[in-house]
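S.K.: Quick one: the structure is below, and I'll ask about it shortly.
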Amino acid sequence: MTVAFGQRPPPGLLVVQLDGLSVAALDVAVRRAPMPTLGAMLERRSHRLVPWWAGIPAQTTSSQAGILYGDIGDIPAFRWYDKRRRRLIVSNHPFDAAEIDRRAADGGEPLLAGGTSVGNLLTGGAARSALTMGTIAGEVRGELWERLRDPHFIAVEAVEMLREIGREIAGATRQRLRRIRPRMKRGGSFPIQRAIANVLARDLTTRIVREELERGTPVIYATYVGYDVVAHHAGPTSADALRVLRDLDRELKRLIRAARRSPLEYDVVVLSDHGQAAGSTFRQRYGETLERFVSRVIEDPVTAAVGTTESWGTVNELLSEALRSDRRGARRAQRLLRPRIRDGYVQLGPDRTRRRREPSEIVIAASGNLAHLYLADVPGRVTLDTIREHQPGLVEALARHPGIEWLVGRSDGGAPIVLAERGFRDLRTGEVRGEDPVAGHDVPVERIVAALLDVDAMDGCGDLVLNGRIDREGGAVAAFEELVGSHGGLGGDQGHAFVVVPARWDVAAELDGPVAVHDLLMAHRPPVDATEGATSEPPAAA
């Protein structure tokens, strides 16, 4: 970037993503004052809040692809099944993330060219990346291990992680004693996952971003996942989730202070990629999982791809980056974890679908209250009549189930239609018979139709797309995963994201989709030479 003598360089751009935070949950947090820094930015009118709709699917991968590249590409959900290759695609697996990143980059306009990506799923074309899933499978790097060898840092982190584990145990106990609903079991390894996401990953992200600010990196995009992790288990506006937001607000304050000391002036933007909707799960409401229900209808086993949490990805990401070092301690850890390392990536946590050599005839991939159902043995996109031929009664059983709001499939003529028990809509012609399945939501019908048409056109779209029940009063949803805070489909606050931008920016009152957020950020990013300072290495340790 070349600046004439005596001319001030254009401001850099620092974007902080608070994963999974909806407009409504942000409003609760600001009103209850656990986010004084962000609240002050809005109250003093140095910044303004602009809501935007994340669409369907409402999840990080498609949102980041749209924000970072201006193209959501073929991303129908957080996880989906590739019929041609007969394998599951999961967004927070490094090889899948790298492939998704390459697809999004083809023909896209990278927001982070010449900049830095920290803690994201996708790179956004960044010259440097750290803790970014799409680059874990790349060249060997050892800088994170160097950070973890700092005795003082490790001592502080150990104490804080123990404290966070205590908070999780206390929060889960409090919900149980007070009989708060909806709630879920929060034991097992989750307290440790929460501590890693809300202490170690958070603090490493802040340290790396501060280093990038000190060096005057022109464009920086960093994601904090801690709120999303806790909200999945405790609820989007629970006391536990709001406490995490207070801690993240403190990190935001530190970054703003570091930006002020930087050799480059920065515009600071805070945004979310989607929200979350609360609600008792499908299994809690109806006594069986979606895959169990389908298996019972077709009288045959079903392969299910569901997750109890996305936080295993954060744990595996940290371990994988830390162990990519030739240091003696890293080599010892590599030997210890060798049974769980595949192609240099540490894989901890449940992953039932990948353990099966051959899938059953039907594969269900669930993301929150959105699920894609595939006839795995029938190539290509399958019509409703073909599904009825292979699995008689299945389509009608799904449409009648009280836990399913509607389902999307293709007619024999190839037209995408939305079915529910009392009616259907042709997505292309707009013809409605009976009750319109997509009417009566807090999102305009035309937006829902456009989003479903986009999903239907994707190569990875299921033969059937199911949206779990939506309670019209209160917006609670029935997730197909065992999570009381969920996102992925339509309903509640999960699609209602936000972006907080400098008040001087010219921006509409509301934005429609992640591509609109990308266009806004591109209009205010500094001109950057994509090759300036380009390197595959993350920033050096402090």
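Only the coordinates and a few stated rules stand behind these numbers; no lab work does. Predicted, not measured: the structure shown is a model, and the values here were computed from it. Positions of Cβ are generated from backbone atoms using ideal geometry, with glycine treated the same way; all protein chains shown enter the neighbour counts.
S.K.: Tell me which of Pro416, Gly440, Gly488 sits at the most positive position along the dipole axis of the range 385-506, charges placed on C-beta atoms (Lys, Arg +1; Asp, Glu -1).
M.R.: The one lying farthest along the dipole's positive direction is Gly440.
S.K.: Another question about this same structure. For the range 434-538, give the magnitude of the charge dipole about the Cα centre (Cβ charges: +1 Lys/Arg, -1 Asp/Glu; no others), in debye to the nearest 20. Could the numbers behind the result be given before it?
M.R.: Working: 5 positive and 20 negative charges, 61 e Å.
With only Lys, Arg, Asp and Glu charged at Cβ, the dipole is about 300 debye.
S.K.: Still on this model: Quick one: what does P(r) look like for the range 40-102 with 5 Å bins over all Cα pairs, in whole %?
M.R.: Percent of pairs per bin, in order: 4, 15, 22, 19, 11, 9, 7, 7, 3, 2, 1.
S.K.: Out of Leu427, Leu511, Gly460, whose Cα points farthest toward the positive end of the dipole of the range 425-525 (charges: +1 Lys, Arg; -1 Asp, Glu; placed on Cβ)?
M.R.: Highest projection toward the positive end goes to Leu511.
S.K.: Would you mind classifying the range 398-515 by shape? Square roots of the alpha carbon gyration tensor eigenvalues, ordered a ≥ b ≥ c; an a/c under 1.5 is rounded, otherwise it is prolate if a/b is larger than b/c and oblate if not. It would help to have the intermediate numbers written out before the result.
M.R.: Details: a/c = 1.91, a/b = 1.44, b/c = 1.33.
It comes out prolate by the Cα gyration axes.
S.K.: Now, a different point. Short version: ³J(HN,Hα) in whole Hz for each residue of the range 203-209, in order, from phi by Karplus 6.51 cos²θ - 1.76 cosθ + 1.60 (θ = phi - 60°), x for Gly and Pro, what are they?
M.R.: My calculation for the range 203-209 gives 5, 5, 4, 5, 4, 5, 5 Hz in order.
S.K.: For the pair Arg246/Asp506, report the inter-label distance in nm, with labels modelled 7 Å from Cα in the Cβ direction.
M.R.: About 4.2 nm separates the two model spin labels.
S.K.: For Val219, list long-range residues whose amide hydrogen, built 1.01 Å from N in the peptide plane, is under 5 Å from its own amide hydrogen.
M.R.: Those lying under 5 Å, H to H, from Val219 are Leu13, Thr116.
S.K.: Here is a further query. Stokes-Einstein diffusion coefficient for the range 429-489 at 4 °C in a medium of 1.567 mPa s, Rh from the Kirkwood formula over Cα pairs: what value in µm²/s? It would help to have the intermediate numbers written out before the result.
M.R.: On the way: Rh = 13.5 Å.
Calculated translational D: 96 µm²/s.
S.K.: How much length is gained if the chain between Ala158 and Glu431 is pulled fully straight, taking 0.36 nm per residue apart and subtracting their Cα-Cα distance, in nm to one decimal?
M.R.: On the way: separation 273, 0.36 × 273 = 98.28 nm, distance 5.98 nm.
The Ala158-Glu431 span can extend by a further 92.3 nm.
S.K.: Taking the Cα centre of the range 21-139 as origin, work out the dipole magnitude from +1 charges on Lys and Arg Cβ and -1 charges on Asp and Glu Cβ, in debye rounded to 20. Let's see the in-between values first.
M.R.: On the way: 14 positive and 11 negative charges, 67 e Å.
Value, rounded to 20: 320 debye.
S.K.: Starting at the first residue of the range 462-467, write each ³J(HN,Hα) from the Karplus equation 6.51 cos²θ - 1.76 cosθ + 1.60 with θ = phi - 60°, in whole Hz, x for Gly and Pro.
M.R.: So the J values, rounded to whole Hz, are x, 5, 10, 10, 10, 10.
S.K.: For the range 33-176, what are Rg and Dmax over the alpha carbons, in angstrom?
M.R.: Calculated on Cα positions, Rg and Dmax stand at 19.2, 54 Å.
S.K.: About the Cα centre, and with charges only on the beta carbon of Lys, Arg (+1) and Asp, Glu (-1), how big is the dipole of the range 126-257? Nearest 20 debye, please. Can you show the working numbers first?
M.R.: Values: 25 positive and 17 negative charges, 184 e Å.
In total the dipole reaches around 880 debye.
S.K.: Could you pull out every residue, at least 5 positions away or on a different chain, whose amide H is within less than 5 Å of the one on Gly495? Hs are placed 1.01 Å off N in the peptide plane, and Pro or chain starts have none.
M.R.: Sorted by chain and number, the residues that satisfy this are Gly275.
S.K.: Under the rule of at least 5 residues apart or a separate chain, name every residue whose amide H is placed under 5 Å from the amide H of Leu427.
M.R.: Result for Leu427 returns Ile417, Val418.
S.K.: So how do Ser91, Ser238, Ser411 line up by other beta-carbon neighbours within 10 Å, fewest first? Provide the component values of the computation, followed by the final result.
M.R.: Values: Ser91 25, Ser238 22, Ser411 13.
Lowest count first: Ser411, Ser238, Ser91.
S.K.: Please list 3J(HN,Hα) in residue order for the range 392-406, calculated via the Karplus relation 6.51 cos²θ - 1.76 cosθ + 1.60 where θ = phi - 60°; whole Hz, with x for glycine and proline.
M.R.: x, x, 5, 4, 5, 5, 5, 5, 7, 5, x, x, 10, 5, 6
S.K.: More than 18 Å apart: what percent of Cα pairs in the range 156-288 qualify? Spell out each step's value before the answer.
M.R.: Values: 5217 of 8778 pairs.
Tail of the P(r) past 18 Å holds 59 percent of the pairs.
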